[in-house]
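Below: one structure, written as structure tokens.
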Amino acid sequence: MSADPRLARSRPQQQQPTAVPPPPPPPAEPQPNVMGMDGTTNTPPPGPVVPDDKFKLKFCTICASNQNRSMEAHLQLASAHLPTISFGTGSLVRLPGPTITQPNVYHFNSTTYRAIHTELAQQNAQLYAQNGLLNMLSRNLNIKSFPERFQDWIPGKPRLDHAEDQGAPGTEAGIVDVMITCEERCFDAVLEDLHNKGGRLNRPVHVFNVDIKDNHEEARVGGKAILDLALSLNEAAAKEREVHGESGWTGGGGAARDGFDEKVPEILAAWQERWPNMPALWSLAWV
């Protein structure tokens, strides 16, 4: 097995081949390497990083179970130093089981990625290593502690207990500027829930859907596409604020915010030309 350099964590050295590595230790300081979903050891070039002294939009990535697609996107955005949180929209966390009719089912907001990793490794280490679930969970537990459900999220509620999450700096106030879902049914669920929540903060949020198949390889590619969109949006927002100032930005008014909102369709159209195989949707909503 090899390592994904984006999630550096130390692992005990194996003395002899085993079916699957044990779950990594709790995250401490970032290191150069960690196991990737497919166990590769290659070291990809470092990705783009937004300087900490530059303006940054706050992002939220969302899929069904907050396990694969949203977590890969979460990782890539956080690695670019963009404030990021992530969620799932399902009623329960569902992962593949021994057969298609026997999924592994867990509760959101309480069952940790580490606990799921341990349980699946005990059930059938060979199966869940072969289908990539154990490596996926190893990645996830180094990003944050547990899968979260979008419908249980309270906009504006401080996320101080998430200080150890990757991408946490900037998300402490529990607000976001951009939400990116990975499947149309998740997009619909997000818009419905935002409507039900009533927009009590009176704060605009751009909601996108980037359609990504729910497998490990497509999640990686989709994560790159989402990062590309996020960087384009952030660059446009920063430029508008440099020209017009930040007055009225938070409340969705003012020249900078108006200019950014007007440019979003153009940004999405240009992004879609770069990623023609990933159909996208967009809507403006309120939190």
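Restricting the calculation to Cα positions, tell me the Rg (one decimal) and the Dmax (whole number) of the range 164-204 in Å.
Cα radius of gyration and Dmax of the range 164-204 are 12.2, 30 Å respectively.
My understanding is that a pair violates if its Cα-Cα distance is over 18 Å; which of Lys213/Lys263; Lys239/Lys263; Lys144/Lys213; Lys58/Lys239 do that in this structure?
Lys213/Lys263; Lys144/Lys213
Rounded, prolate or oblate: which fits the range 91-148 when a ≥ b ≥ c are the square roots of the eigenvalues of the alpha-carbon gyration tensor, with rounded for a/c under 1.5 and prolate only if a/b beats b/c? Display every interim value, and only then the final one.
On the way: a/c = 2.03, a/b = 1.22, b/c = 1.66.
Here the range 91-148 falls in the oblate category.
Give me the distance between the Cα centres of the range 66-105 and the range 165-240, rounded to whole Å.
One Cα centre to the other: 14 Å.
Using only alpha-carbon positions, what ratio does the radius of gyration of the range 133-287 give when scaled by 2.2 N^0.38 Å?
In units of the globular-protein estimate, the range 133-287 measures up at 1.08.
Taken together, the values in this text are just the output of simple stated rules run on the coordinates, not laboratory data. None of these values were measured; they are calculated from a predicted model.
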